[in-house]
Structure formats: structure tokens, C-alpha cells
Amino acid sequence: MNWDDMGNIYATLKGSENLPSIAVGSHVDSVIRGGNYDGILGVLTALEAAETLVSEGIKTRHPVTVLVWTNEEGSRFRPAMMSSGVITGKFDRESMLAVKDDDGITFEEALNNSGYKGDTSNRFSSENYRALLELHIEQGPVLEAENKDIGLVLGVLGMVNYEIITRGQANHAGTTPMPVRKDALHAMTEIIRHLHHELDKLDPDLVYTTGEFGGSPNIHTVIPDYVRITLDARHKDPRVIEQVVNVVENLPTEILRCKVSFREQWSRHTVEFNPDLINIMEESIKKLGYPYKKMYSGAGHDAQYIADVVPSTMVFVPSKEGFSHCEEEYTPLEQCWKGANVILHTLLALDKK
């Protein structure tokens, strides 16, 4: 077992031939008050697959690597998928090492203190790896609602994220007449209402969220003079994302006597997973006889970055009532087992290619 310079963990079973490794794994970090399945189930599945190969005496041509990604969630150190992003060239390594948590500790300091900082030569690379397989909980209600045991993941949705700000004038809540107020919170409610009205006209598969919000001075006797929100929108079709951008870019510059501003914080294109690998996984699912659904992931995963380096794909298992990023996360053991079977059979089929 070894580690790379970003703390990613690798444990490899040797193959019978001098071939690149097939990687299976996920992450173990979680969001605050997260559950017991997001990420860790994929790592346990990889370990189970490796244990099965050993206990059953199954020899593979390719080496098989159980892989654990560091800082996928970005809960303590932003951004998400930091370590896989660095080794695939999405992020600058030195900038990521300098990122601080809420207590002022840098990622580099935390990594050094963890004892899991390894060498750059151990990094995942296109030369040393044949493919990546990742099992993950769906993090949504679709598979359970449609009575499907397996989600065959075709890719990860494109997205755009905007910061939107309204600026008004702080003033006394009891003495300022309503017609002359510059209430930034009132203005923002109109912005949100407008966004919902316009975005709901677009494709029904579009999902969007005003997730972050804050304001000042945040005192019950003072009219708010500043409110900030974020808008997160996701869809597989870049044309729909362009329509979202158009809606935001055409927001009024002033509403209810308050100034309105916005800026794009980040965006990503839809990531399509490797079609040949998807076909191999689909054949494995069919042979196992599990009901399945082809789908895209609305959430980000390390596999989406690795897909630019080697063939990658994912399998989803249902999330009870769609719960994720919360303590109520749950996937029945039988469906975890079925997902593990899909990973193992896909791995074995790929090993024969």
C-alpha cells in the first residue's frame, strides 16, 4: 500500500501480466453530519471485490488497485474533488496545498500531520492505469421510485454557479417609511421569484438551487443593506445551461431601489463516461439480471476528473427516500451486495479485454 503527494491511497493486487492496473474505489471523507454511505460504500465495495479475488483464488491479468481519494467532498478544504483534481491537472497543486480551513490550518499542514503524504511518483496516471470503476449511492430518489437496483451512470451533468448580490441602504426598521426603503432582502426575494419563474420555463430536467445565502447587518431592528445568494444550475445539455446563463445575465441592474450584481463563480461541461466501459458494465448487469436504469449524475465525483485520463464509469445503488449528505443515508444491504457484484463482474470482464 502507498500514498501519493495529495494523500490518495493505493493498495494493489498484482496481476499475472505486465499490464496497467484496473482501479476500483471512491472516497472516505464526508460533509458535516453526513451519513455512512456516501463515498465509503464505494471503498468498502472495492475492498470486497479485492477480498473476493483473493479468497476465491481468482487470478487477473491486470493488477487491481483499491483506490481511496482524499478530500472529495471539500467540506473542510475547498474545492471539492481537490486531490483528484490536482493529479489530473484541474487545479494547481501549490494553490491547493495553501487552502485554509475555518481554523486557519492549511491543507498541506493537515496532510503532513495525517501521516498520509506520499510521493508524486505514486500518483494515478494514464500510463499505469487501464480504467477506473466507482460505486456510489445515487444520492437521489429516482432508483428507489422506479424499483431499480442499479444505476448505470453515463456521465456527470454540466453545471454553472453564480453569485448574486443586492445592495441597498441600512436604516432604522421602525422609522423608515416603506416607499423610500432600500431593502436588499426584499429585493433579493424578487430576484429569486424571477429566477424561479424564468428557469421553470426551461427543460424539465434542469435542476437549480439557491444554496448559499447571507446578509448584513443581520439585526432585527435594521433594514438589510446587503444580501448574497448563489445559484447552482445543472443539466446535461450545454444549450440548456446557456439558457440559464442568459436568464442570469439579463437580470435587472436595479430592483426596488437596490443595486443588483452577479458573477459566474465556476462552471463545468457535462462529462461523458467511456462508452466501451459502459457497454461492458451494462453486459455485466444484464447477465446478473438486475433491473437497472441509465442515468446521469447530478453530483460531482472524482471519476469525472479521472475520465479525462483513463476510461471511467460509475454504478449507482439506491438511496433510501433519496437521502444523502445527512445522517439518514441508507441503502439496504442486498442492494449494496448487488452493486458490489456489478463492480466485480465488470472488473473481471474488463480484465479479459
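The values are calculated or read from the model by the stated rules, or taken from the named source; none is laboratory data. Remember, predicted model here, so these are calculated numbers, not experimental data. Heads up, the Cβs are rebuilt from the backbone with ideal geometry, glycines too, and the neighbour counts pull from every protein chain shown.
Quick rundown of the values:
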quantity	calculated
Unmet criterion (only one of (1) farther than 25 Å from Leu67 by Cα; (2) free of Cβ contacts under 8 Å to residues at least 40 places away in the same chain; (3) assigned to a loop (DSSP other than H, G, I, E, B); (4) not aromatic (Phe, Trp, Tyr)) for Pro179	(3)
Lone qualifier among Ser83, Ser114 - being under 19 Å from the mean Cα position of the chain (by Cα) and of a type in the set (Ser, Thr, Tyr)	Ser83
Out of Glu108, Glu134, Glu144, sole residue that is closer than 30 Å to Ala349 by Cβ and part of a helix (DSSP H, G or I)	Glu144
Flag for Gly151 being small (Gly, Ala, Ser) and either touching a residue at least 40 places away in the same chain (Cβ under 8 Å) or not in a strand (DSSP E or B) (or both)	yes
Yes/no for Lys338 being assigned to a strand (DSSP E or B) and not assigned by TED's automatic domain parsing to the domain that holds Tyr208	no
Residue within region 306-322 that is buried (at least 21 other Cβ atoms within 10 Å of the Cβ), part of a helix (DSSP H, G or I) and in contact (Cβ under 8 Å) with a residue 12 or more places away in the chain present	yes
